[in-house]
Every structure is written in structure tokens, then in C-alpha cells.
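Each reported figure results from applying straightforward, stated rules to the coordinates on display, with no laboratory input. Computed from a prediction, not measured in an experiment: that's the story for all the values here. Heads up, the Cβs are rebuilt from the backbone with ideal geometry, glycines too, and the neighbour counts pull from every protein chain shown.
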Amino acid sequence: MKRQLEISYSFGYVYDKSKLIAMYPAGTNVISEDEYEMEVEVAFLEDGIDAAFEYEDIKTANDVMKPLEMFLMKPNKIIPFVDSIKDFDTKEELPKLLNDFDAEYELKKDYEEKGYEFNNYYEVFKNVTNYIPKENLENLNILKIEADKFDMDKFINDIKINLDEVMNPNIIPVFMEKSNLTPRLFIKSKKEDSNSFYVPFAVDASSYERCVYCANGQKIEDENIDMGDLEISITKDAGYIIENIDNILNFKISNFNSKTENNNQITQVVDYGGKIKPMMIEFVNSYIKKI
């Protein structure tokens, strides 16, 4: 009879810009040595964690790791790692099996050679400022224009009118202050004369109907539409973070969260706006003054 193996796994949350893999312990599994190869092949070569692990375990891990997105953005991928392999009965570590696994799948080796750091998720949370990437977000502007060449009053007024069924127009715009930690993050300002403010474009309308209302008057009814890095829900919408820097308006696509876990209101610049991005660009460009 083949021995029973006790395999300990972690989910590796990969943050490419930070060259970081945050390891979250995903528990253990006991399988016979006969089934071992098939088990790891499913997890590591075929369908990934969704096929190899329980939904609730994945959800719990994702919920715990979610706050990191405020500083590091969404992980580029989540991949499983084998931490240890033991004989279930004797609890003896089986380093040869683990080494054979690493040699065959080369997951850890590949990332180490690319300069990635592996760290326990708890340590990452504790020292998150060490992992915030240094970025120049200039290339994420979807419009950069002199303030007097853009009809801001009409832009904001039209958005208020077009979204009035799903949003209180009195809260548009939301004045923001840029975080000192990362240029991607803005926090609601207590002042109403800030040079940064958020204006919504795509808002969840689930209180009325199953769709997303857009500031250009369109509705998005396809639940499977590519949203890119954006999330739209009861507490989150997508729109423009606008900075007035030396009388130059800088427009970027961002995700606004009206209720974080610590009751802040924040907006976060995203890299990829999916199918909403061209809609947002076309809409904002229509308010450039014709000379």
C-alpha cells in the first residue's frame, strides 16, 4: 500500500510591478502517493486554483488579501505553491519529493530568477509601504489639456443630468487629495477647493435594473463585458480622477469606492479600463472647446 502524503499549499499573489509574491497559506491535503502526480498536475498545469481548491478557501484568501489592492493594485495572477510534503503517518518531511516537484514545475525558480521576492502575506501587510512601486503615471492620462480649453461646467452638469436616476447630483464632483504613499490613490478631501476631484462615468443601477448607467446616456446590460481593472458595484463606480496642475487638466480613469473598510472614500487610478475606456475617452473629448 502506497504511503499517504500530507501536502501543504500556499496561494501566491503575484504583483509584477512590485516584483513581489505574497504567500497566503491555503491549508493541507492528504492524498495517496499514487494520486499525488495527478493532483499537482491539475493544480499547477491545467486549470489552476479554481479547479484544485475549494471555492470557500479561495474566497477567504481573496477577502483577506483584498486590502492590499489599495496600494499594490490587483494581483496579476494567483498561483498555487507547494510549501512542504510530509509522510502523513510519521510527519517526516520528504524534501526529495518537494525538490523533485520544484525541479519539474520550476514555478518558484522562474520567479526567483526574475528577481521576485517571496514573503508571507502578514509581513507584506505589515511592511506594505516597502512594496509600493515607484511609478510615473503620465502615460495613463486619457486627456491632458489647458483648463480654459475644456468646458468643465457643461461636462459636470451633463454628468449630473445623465446619472440623476442612480446618483445624487449634489455629490458630484467629489474633491480628493492625493495620497503621500502612492500617486494612484486619492482620498476624499475635507476641503472643497482641492485641485483634484472625481467625477463618475459608470454607475451600478441594480437598485433599479440589472445594468450599469453611463454618463454618456448609454446603459451596459452585458454582465460579462470586459471591465479591465475596474469594479462596479453598489459601493464602487468608475469615472475620472481629474487633477489641475498649473492650470493643466489631467484626466485618468479610476475606480471610486464610497465605503472602504475603515469608512474612507477613495479613488484609485487603474491601468486598464476594458470596454469602458473608449466610451470615457469619446465622452470627455466632446467637451473640448472648439476654437
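Restricting to Cα pairs below 8 Å that are 6+ residues apart, what does the relative contact order work out to for the chain? Please round to a whole percent. It rounds to 16 percent for the chain. Placing dummy labels 7 Å off each Cα toward the beta-carbon, the span from GLU69 to GLU56 is 2.3 nm. How many percent of all Cα-Cα pairs in the chain sit more than 23 Å apart? Looking at the chain, the distances longer than 23 Å represent 62 percent of pairs.
Applying a DSSP loop filter and a limit of 16 other Cβ atoms within 10 Å to the GluC sites (Glu not before Pro) in the range 135-165 leaves GLU135, GLU165.
Annotation for the range 68-144: trypsin sites (Lys or Arg not before Pro) lying in DSSP loop with at most 12 further Cβ atoms inside 10 Å of their Cβ are LYS91, LYS114, LYS134. Among the listed pairs LYS59/LYS219; LYS59/LYS114; LYS59/LYS134; LYS149/LYS236; LYS59/LYS236; LYS74/LYS160, those whose Cα-Cα separation exceeds 22 Å are LYS59/LYS219; LYS59/LYS114; LYS59/LYS134; LYS149/LYS236; LYS74/LYS160.
Partners of LYS108 within straight-line reach, counting aspartates and glutamates whose Cα lies under 15 Å from its Cα and excluding those fewer than 8 residues away in the same chain: ASP16, ASP83, ASP100, GLU117.
Computed 3J(HN,Hα) for the range 239-254, one whole-Hz value per residue from the Karplus formula 6.51 cos²θ - 1.76 cosθ + 1.60 where θ = phi - 60°, is x, 9, 9, 10, 10, 9, 10, 6, 6, 10, 8, 10, 9, 10, 7, 9, glycine and proline marked x.
Between SER206 and ASN168, residue separation times 0.36 nm minus the direct Cα-Cα distance comes to 12.2 nm. Here the label points at LYS108 and LYS126, each 7 Å from Cα along the C-beta direction, are separated by 2.1 nm in the simple model. Kirkwood radius, the range 55-182, all distinct C-alpha pairs, inverse of mean reciprocal distance: 20.3 Å.
Between rounded, prolate and oblate, where does the range 137-285 land on the alpha carbon gyration tensor, with a ≥ b ≥ c its root eigenvalues, rounded for a/c under 1.5, else prolate if a/b exceeds b/c? Taking the square roots of the gyration eigenvalues as a ≥ b ≥ c, the range 137-285 is rounded.
Could you calculate the contour length gain from ILE291 to ASN224, that is, 0.36 nm times the residue separation minus the distance between their Cα atoms, to one decimal place in nm? Going from the current span to full extension adds 20.1 nm. Of the GluC sites (Glu not before Pro) found in the range 189-291, those in coil by DSSP whose Cβ has at most 12 other Cβ atoms within 10 Å are GLU192, GLU209, GLU221, GLU223, GLU261. Taking 15 Å as the cut-off, the amide N atoms of the range 248-291 that come nearer than this to a point 7 Å along the Cα-to-beta-carbon line of ASP151 belong to 283-291.
Candidate cross-link partners of LYS2 among the lysines, defined by an alpha-carbon separation under 25 Å and a same-chain spacing of 8 or more, comprise LYS86, LYS91, LYS96.
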